[in-house]
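J.: Okay, handing you the structure first.
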Amino acid sequence: MKPLRYPYRFVGALAAFVLLSAIPANALGVLDYVYSVREGGTVVFSHDKHFKALFPNKTINGDDCITCHSTIYKSHGKRPVTMSEMYSGRSCGACHGKRAFSLSKCGRCHTVKDVSFRVQPTGDVIFPHAAHISKIQCDVCHPRLFKPSRNRSVGMAQMEKGKSCGACHKGKIAFALEDCSRCHLAGNVLMKARKPWEVNFRHAAHLPAYKCVDCHPRVFKLGYEKSRPRMTMQDMDKGKSCGACHDDQVAFSTRFNCQRCHDNM
């Protein structure tokens with residue numbers, strides 16, 4: 001797998017870095033580097049954390065700074081270093097992957113957050129990075145499946161062919177795509193009715209017994225509440241809409257059980 005290629009751009013301004021061997025570290029005035037990464041979020045380089053890791057139980061002085069300066073980092077203001085170059089041992093790669101954690105542990109440096117996908121008509125889908133990186137490494141998905149930036153929308157049909165989330169969500173590595181409600185938030189659907197009263201369809205009451213694909217899209221098209229034709233009880237008696245299941249065989253009949261769906265009866 002090819003390493004990630006993130007161009008690093010220096011943003012934060014630093015106080016003058018004075019290498020004086022007699023001055024302790026807390027008096028050096030060494031600040032953190034803040035890098036704005038075009039594809040991958042902000043990266044903050046903490047001098048304090050690195051001092052403690054490199055020199056545990058030791059009073060830091062200016063001479064210790066040459067561990068990285070001027071061997072790895074000769075001067076500031078140079079061109080950004082890519083991840084590909086880091087994998088070759090430059091910049092952070094001089095230590096990470098050898099004497100420190102691997103560069104593939106992206107979340108330890110790059111700020112990762114949840115990603116919200118606008119999906120019509122089922123509503124937003126929230127991708128939780130934390131839940132995924134606790135089980136797999138970032139390079140499992142990036143950049144082979146997802147570029148670390150804005151990606152083109154992928155439909156469920158393409159996912160079923162193994163693209164995007166479908167590369168893992170097949171039922172073995174991760175739960176199958178058919179478990180729609182684990183990503184798509186299925187709430188209640190208010191179905192208006194003149195007589196006797198409106199019906200509040202509760203997904204939560206149906207999902208334990210049925211899968212989403214049992215109803216969608218064969219019986220109810222997604223976005224059905226906005227474009228559905230008006231259904232009568234006679235239509236349901238003929239197997240349409242709720243009557244596809246509520247036939248007194250799969251589920252209780254729509255006939256003579258009005259109070260089980262219609263409120264305020």
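J.: Mind listing just one residue for me: the one in the range 150-162 that is in a loop (DSSP other than H, G, I, E, B) and among the polar types (S, T, N, Q) and, of those, farthest from the chain's Cα centre (by Cα)?
T.: 153
J.: When you go through 102, 91 one by one, which is the residue that is within 21 Å of residue 51 (Cα to Cα), touching a His at 6+ places or on another chain (Cβ under 7 Å) and either polar (S, T, N, Q) or without any contact (Cβ under 8 Å) to a residue 60 or more places away in the chain (or both)?
T.: 102
J.: Taking residue 164 and the conditions (1) in contact with an Asp or Glu (Cβ under 8 Å, 6 or more places away or on another chain); (2) modelled with pLDDT of 90 or more, which numbered condition does it fall short on, given that it satisfies the others?
T.: (1)
J.: Looking at this structure, is residue 48 more than 19 Å from residue 138 (Cβ to Cβ), exposed (fewer than 14 other Cβ atoms within 10 Å of the Cβ) and not assigned by TED's automatic domain parsing to the domain that holds residue 143?
T.: In short, yes.
J.: Take the conditions within 30 Å of residue 188 (Cα to Cα), outside the structural domain of residue 217 (by TED's automatic domain parsing), surrounded by fewer than 15 Cβ atoms within 10 Å (Cβ to Cβ) and modelled with pLDDT of 90 or more and apply them to residue 120. Does it pass?
T.: Taking the combined requirement at face value, the residue does not satisfy it.
J.: Could you list, in sequence order, all residues of the range 36-62 that are at pLDDT 85 or above and outside any loop (DSSP other than H, G, I, E, B)?
T.: Once the filter is applied, which keeps residues that are at pLDDT 85 or above and outside any loop (DSSP other than H, G, I, E, B), the range 36-62 yields 43, 44, 45, 47, 48, 49, 50, 51, 52, 53, 54.
J.: When you check residue 132 against the structure, is it at pLDDT 90 or above and either among the aromatic types (Phe, Trp, Tyr) or not assigned by TED's automatic domain parsing to the domain that holds residue 72 (or both), yes or no?
T.: yes
J.: Determine which single condition residue 80 fails, assuming it passes every other condition in (1) surrounded by 12 or more Cβ atoms within 10 Å (Cβ to Cβ); (2) modelled with pLDDT under 80; (3) over 31 Å from the mean Cα position of the chain (by Cα).
T.: Of (1) surrounded by 12 or more Cβ atoms within 10 Å (Cβ to Cβ); (2) modelled with pLDDT under 80; (3) over 31 Å from the mean Cα position of the chain (by Cα), only one is false for residue 80: (3).
J.: Which ranges mark the helices (runs of 4 or more DSSP H) fully within the range 163-258 that have 2 or more residues being surrounded by fewer than 16 Cβ atoms within 10 Å (Cβ to Cβ) and charged (D, E, K, R)?
T.: The helices (runs of 4 or more DSSP H) meeting that bar are 224-227, 233-237.
J.: Of all residues being outside any loop (DSSP other than H, G, I, E, B) and of a type outside the set (Gly, Ala, Ser) in the range 104-123, which is nearest to the chain's Cα centre (by Cα)? Just the residue, please.
T.: Among those residues, the one meeting the criterion is 115.
J.: Give all pairs with beta carbons closer than 6 Å in which a residue from the range 146-158 that is in the same structural domain as residue 170 (by TED's automatic domain parsing) meets a residue that is modelled with pLDDT under 85 and surrounded by 10 or more Cβ atoms within 10 Å (Cβ to Cβ); count only pairs at least 6 apart in sequence or on separate chains.
T.: From the range 146-158, the pairs are 148/39; 148/40; 149/39.
J.: A further question on this structure: Residue by residue through the range 78-103, note down the ones that are charged (D, E, K, R) and not in a loop (DSSP other than H, G, I, E, B).
T.: 85, the sole residue that qualifies.
J.: Taking the range 34-53 as the region of interest, how many residues are of a type in the set (S, T, N, Q) and without any contact (Cβ under 8 Å) to a residue 12 or more places away in the chain?
T.: Summing the residues that are of a type in the set (S, T, N, Q) and without any contact (Cβ under 8 Å) to a residue 12 or more places away in the chain in the range 34-53 gives 0.
The values are calculated or read from the model by the stated rules, or taken from the named source; none is laboratory data. These numbers come from a predicted model, not from an experiment. All Cβ positions, even for glycine, are placed from backbone atoms using ideal geometry, and neighbour counts span all protein chains on display.
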